[in-house]
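What follows is one structure encoded as structure tokens, with my remarks underneath.
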Amino acid sequence: MTAVATTTRPARTGRVRIGNLLRRSAVFLFLILLMAYFASSSDRFFTTGNLINVAQQNASVIIVTVGMTLTLLTGGIDLSVGSVAALAGAISAGLIVRNGLPFELSAPLTLALGFGLGLVNGGLVVFGKLPPFIATLAMMGVARGLTLLYTEGRPISGLGDTYTFWGRGVVPVPLLGDVPAPVLVALAVVLVFAALLSATRFGLHIYAIGGGEETSRLAGVNVNRVKLLVYGLSGMLAALAGILLTARLFSAQPQVAVGLELQAIAAAVLGGVSLFGGVGNVWSAVVGGFLMGVLGNGMNLLRIASYQQQMIQGVVLVFAVTVDMYLKRLEGR
């Protein structure tokens, strides 16, 4: 028995190392190949204007992907992010246009709303004992319905320059020149949450819960509190993305961000974040988000129809999940 155990342990360690290497490198290789293909197919792809456009349009997806990463790391999921983003955009616009509040006040109130909706999701999971899929699916429907009710199915426009700046404005940055404002916001979110996961006890607890919830509880981790905060933060980041989307469109659109949850899940899983929890990080998820953004931009340049794009994104998600499950088997987890 001892000889068998001794032989098995190095073999399993080798499989884990191979799996981790594949997680880190596959998405980078895929992104490089994808960019090379689009560059050879369209002479507009590698222009400065198009690359800036990719970064600007993908900022909201990156922000939501960061929140999705937190929930996936705990072994959960958040299907409500697209609807919460739409509701947040509508509320933030309504507070300005209908109630006369300045952007400096409406934005924090909207982020608080997103955090509160995320806490509701977390409460349903933690105290209601609902599967995260069901709890957040229900919130998806409720939030989208509230958006249509609040907007009466019509756009809310007349937001003002202060608001729209955060969707289309630029900020002069030394050595980089003019950087789109939403890109800077996304970068700030990535830096803050990357540090949160890698350098705080809260981040350590998130990974621990994803690795084994009951074990974490026995080790003294307040699992309920961590999961509540994770879903709250996911809702807040969805609200932030909704504000940026509304600013970019110059109005709150009731049907905005449909399918945003699919993009965020695909981006996170492509970046190596496991659907089973405990594996992944913010930086790799961001790369997955850029891959989804490049994919969408390239398909637009090649004039691929929108319904075909949705099919392709679905295939990419299936591929990513299949690879994730294969790597799980490879690692013997």
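Just need a number here: residues in the stretch 151-207 that are under 21 Å from the mean Cα position of the chain (by Cα) and free of Cβ contacts under 8 Å to residues at least 24 places away in the same chain. Give the derivation first.
Within the stretch 151-207, the first condition is being under 21 Å from the mean Cα position of the chain (by Cα), and the residues that meet it are 166-168, 180-200, 202-207.
Restricting the remaining residues to those that are free of Cβ contacts under 8 Å to residues at least 24 places away in the same chain gives 181, 184, 187-188, 191-192, 195-196, 199-200, 203-205.
So the count comes out to 13.
Among L191, L237, L249, which is at pLDDT 95 or above and in contact with a Gly (Cβ under 8 Å, 6 or more places away or on another chain)?
Numbers: L191 fails: in contact with a Gly (Cβ under 8 Å, 6 or more places away or on another chain); L249 fails: at pLDDT 95 or above.
The unique qualifying residue is L237.
Name the residues in the stretch 288-316 that are surrounded by fewer than 18 Cβ atoms within 10 Å (Cβ to Cβ) and of a type in the set (A, V, I, L, M, F, W, C), would you?
If the condition is that a residue be surrounded by fewer than 18 Cβ atoms within 10 Å (Cβ to Cβ) and of a type in the set (A, V, I, L, M, F, W, C), then M299, L301, L302, I304, A305, M311, I312, V315 are the ones that fit.
Residues being among the small types (G, A, S), assigned to a loop (DSSP other than H, G, I, E, B) and within 16 Å of the chain's Cα centre (by Cα): count how many of those fall in the stretch 60-116.
Step one: of the stretch 60-116, the residues among the small types (G, A, S) are 60, 67, 75-76, 80, 82-83, 85-86, 88-90, 92-94, 100, 106-107, 112, 114, 116.
Retained after the next criterion (residues that are assigned to a loop (DSSP other than H, G, I, E, B)): 75-76, 80, 100.
Filter once more, so that each one left must be within 16 Å of the chain's Cα centre (by Cα): 75-76, 80.
The qualifying residues number 3.
Given the residues A268, A320, A247, which is the only one that is small (G, A, S), part of a helix (DSSP H, G or I) and in contact with a Phe, Trp or Tyr (Cβ under 8 Å, 6 or more places away or on another chain)? I'd like the intermediate steps shown before the answer.
On the way: A268 fails: in contact with a Phe, Trp or Tyr (Cβ under 8 Å, 6 or more places away or on another chain); A320 fails: in contact with a Phe, Trp or Tyr (Cβ under 8 Å, 6 or more places away or on another chain).
Of A268, A320, A247, the one residue that is small (G, A, S), part of a helix (DSSP H, G or I) and in contact with a Phe, Trp or Tyr (Cβ under 8 Å, 6 or more places away or on another chain) is A247.
May I ask you to list pairs of residues, at least six apart or on different chains, whose Cβ atoms are under 7 Å apart, with the first in the stretch 273-293 being within 17 Å of P132 (Cα to Cα) and the second being acidic (D, E) and part of a helix (DSSP H, G or I)?
Pairs found: S274/D324; L275/D324.
Having 3 or more residues that are out of contact with any helix residue (DSSP H, G or I) (no Cβ under 8 Å at 6 or more places or on another chain) is the bar; report the helices (runs of 4 or more DSSP H) wholly within the stretch 173-242 that clear it.
On the way: elements: 181-199, 201-211, 213-218.
Once the helices (runs of 4 or more DSSP H) in the stretch 173-242 are filtered for at least 3 residues that are out of contact with any helix residue (DSSP H, G or I) (no Cβ under 8 Å at 6 or more places or on another chain), what remains is 181-199, 201-211.
Looking at the stretch 83-122, which of the residues that are of a type in the set (S, T, Y) and over 12 Å from M139 (Cα atoms) is surrounded by the fewest Cβ atoms within 10 Å (Cβ to Cβ)? Lay out the reasoning, then the answer.
At the first step, the residues of the stretch 83-122 found to be of a type in the set (S, T, Y) are 83, 92, 106, 110.
In the following step, the residues that additionally are over 12 Å from M139 (Cα atoms) were identified as 92, 106, 110.
Details: S92: 29, S106: 22, T110: 26.
For the stretch 83-122, the residue satisfying everything is S106.
May I ask you to list the residues in the stretch 106-161 that are farther than 20 Å from L262 by Cα and basic (K, R)?
Once the filter is applied, which keeps residues that are farther than 20 Å from L262 by Cα and basic (K, R), the stretch 106-161 yields K129, R154.
What is the number of the single condition among (1) surrounded by fewer than 18 Cβ atoms within 10 Å (Cβ to Cβ); (2) within 16 Å of S234 (Cα to Cα) that S80 does not meet?
So the condition that S80 fails would be (1).
The values are calculated or read from the model by the stated rules, or taken from the named source; none is laboratory data. Model, not experiment: these values are computed from the prediction. Neighbour counts are summed over all protein chains in view; Cβ atoms, including those assigned to glycine, are modelled from backbone coordinates with ideal geometry.
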